[in-house]
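For reference, the structure discussed in these notes is given below.
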Amino acid sequence: MKAYKDKVFATPHLLKRPRRLRSSPAIRDLVTETVLTPSDFIIPLFVHEASQEVEKVESMPGVVRHTLSSLIDECRELFRIGIRAVALFPCIATEKKDVGGSYALDGGNILNRAVMALKQSVPELLIITDVALDPYTSHGHDGLLRSDGKDVDNDRTVEMLCRMAVLQSRAGADIIAPSDMMDGRIGAIRTALDIAGFAETSILAYSAKFASAYYGPFRDAVGSKSAAGGSYLDKRGYQLNPANAMEAVREAVLDEEEGADILMVKPAGPYLDVIRAIRRKTLLPLAAYQVSGEYAQIHAAARLGWLDLEKARDESLLAIKRAGANFILTYFAKEMVEKLSRQS
Ligand code: PBG
């Protein structure tokens, strides 16, 4: 009896050793819970008409403002390597911006022309178009301002967004993505599309879009920051308070009820809890947008030698998928798809 006791307690009394499952590459692979695959990624792309040059976006290494023709070449290449969908954003020349964002309703504006050209040259690539007024307004807000200039006028903005969405569908967009956060816009756009004969066009709703500091580099890219005179654009009257997860879920539930096909959380990395909470609440596919600032901070730290670019990139994306996102909009999409296809 004594001998038995001695034997048991002589070794550390650890029946459970989770490290067994981490002891070799083979076992680690076997118990991996989350895997990134090439079809997880959608790439946001910028197109401009200010010049015939491809312009670098300073705060987003590797990201450019395309010309129409470089956009087409790039999309051919992206489709060839396995990217299935692109999200297009226009960068509008300052002379074309006004308080009412009127260029948004021009069926021949740069965004609509880009959609038409892409549908001709890469017909199978899914085209996602942005519905919001910020690239087109001289003040940089996503909607029309009320007459006192203090806030965005919800219902007048929604009317415009509906017309924008119909024009984009007519140009050939497969998925309409309202990023404006006006109340009731999903239901209104769904109705407008159906009436105009675009029942097949899907809606990807930016359901939980937060008033975030992480949009900075994007605002450089589309010029909404300089439109606002370089000062910080305060969108707290329509974008969500970063403190509120329940309110974010409520927005997602409303968008589902109003007829959204896909829901989205944005930014992604700082809002993993929100991704998880919405994932539990809906049966719809859920996207997450790893925004410009999330991309820029990884690049900036890597440039200083403070982070390993590829490792930080992979981990940031894995975390978003682990939280519950079904797919991810990210400026890393091309390099991720290239890397993942090399591995498989
Ligand atoms: C606004 C819009 C924003 C982004 C896409 N559309 C943010 C904003 O200016 O409020 C941000 C995307 C990014 O940062 O990558 N309609």
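Which one of these is in contact (Cβ under 8 Å) with a residue 60 or more places away in the chain and more than 16 Å from the ligand (Cβ to nearest atom): Leu125, Leu167, Leu118? So that I can check it myself, show each step before the final result.
Details: Leu125 fails: in contact (Cβ under 8 Å) with a residue 60 or more places away in the chain; Leu118 fails: in contact (Cβ under 8 Å) with a residue 60 or more places away in the chain.
Sole residue among the options that is in contact (Cβ under 8 Å) with a residue 60 or more places away in the chain and more than 16 Å from the ligand (Cβ to nearest atom): Leu167.
Looking only at the range 185-205, decide whether some residue is among the β-branched types (Val, Ile, Thr), buried (at least 16 other Cβ atoms within 10 Å of the Cβ) and under 22 Å from Arg65 (Cβ atoms). Break it down into steps so the answer makes sense when it comes.
Going through the range 185-205, the residues among the β-branched types (Val, Ile, Thr) turn out to be 186, 189, 191, 195, 201, 203.
Still in the list and also buried (at least 16 other Cβ atoms within 10 Å of the Cβ): 186, 189, 201, 203.
Okay, now just the ones that are also under 22 Å from Arg65 (Cβ atoms), so none.
No, the range 185-205 has no match at all.
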Pairs needed: first member in the range 144-159, touching a residue at least 40 places away in the same chain (Cβ under 8 Å); second member anywhere, assigned to a helix (DSSP H, G or I) and open to solvent by 100 Å² or more (accessible area, probe 1.4 Å); C-beta distance under 8 Å; at least 6 residues apart or different chains. Leu144/Arg156
Neighbours by Cβ (under 9 Å, 6+ apart or cross-chain): first from the range 56-70, closer than 17 Å to Tyr215 by Cα and among the aliphatic types (A, V, I, L, M); second in a loop (DSSP other than H, G, I, E, B) and open to solvent by 20 Å² or more (accessible area, probe 1.4 Å): Val64/Val54
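Quick one: which residue in Leu340, Leu284, Leu317 is in contact with a Ser or Thr (Cβ under 8 Å, 6 or more places away or on another chain), more than 21 Å from Tyr215 (Cα to Cα) and buried (at least 17 other Cβ atoms within 10 Å of the Cβ)? I'd like the intermediate steps shown before the answer.
Values: Leu284 fails: in contact with a Ser or Thr (Cβ under 8 Å, 6 or more places away or on another chain); Leu317 fails: more than 21 Å from Tyr215 (Cα to Cα).
Result of the check over Leu340, Leu284, Leu317: Leu340.
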Which one is nearest to Gly140 (Cα to Cα) among residues in the range 206-220 that are surrounded by 18 or more Cβ atoms within 10 Å (Cβ to Cβ) and more than 8 Å from the ligand (Cβ to nearest atom)? Asp220
Of the residues in the range 91-148, how many are of a type outside the set (A, V, I, L, M), part of a strand (DSSP E or B) and more than 17 Å from Val47 (Cα to Cα)? 1
Determine whether Ala228 is within 17 Å of Asp134 (Cβ to Cβ) and either at pLDDT 95 or above or more than 16 Å from the ligand (Cβ to nearest atom) (or both). no
Does the range 127-141 contain any residue that is surrounded by fewer than 24 Cβ atoms within 10 Å (Cβ to Cβ), among the small types (Gly, Ala, Ser) and under 24 Å from Arg76 (Cα atoms)? no
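The values are calculated or read from the model by the stated rules, or taken from the named source; none is laboratory data. Since the model is a prediction, treat every value here as computed from it, not as a measurement. Every residue, glycine as well, gets a Cβ built from its backbone with ideal geometry; the counts of neighbours run over all protein chains shown. For accessibility, only protein heavy atoms count, side chains too; no ligands or nucleic acids. Shrake-Rupley method; radii C 1.70, N 1.55, O 1.52, S 1.80 Å.
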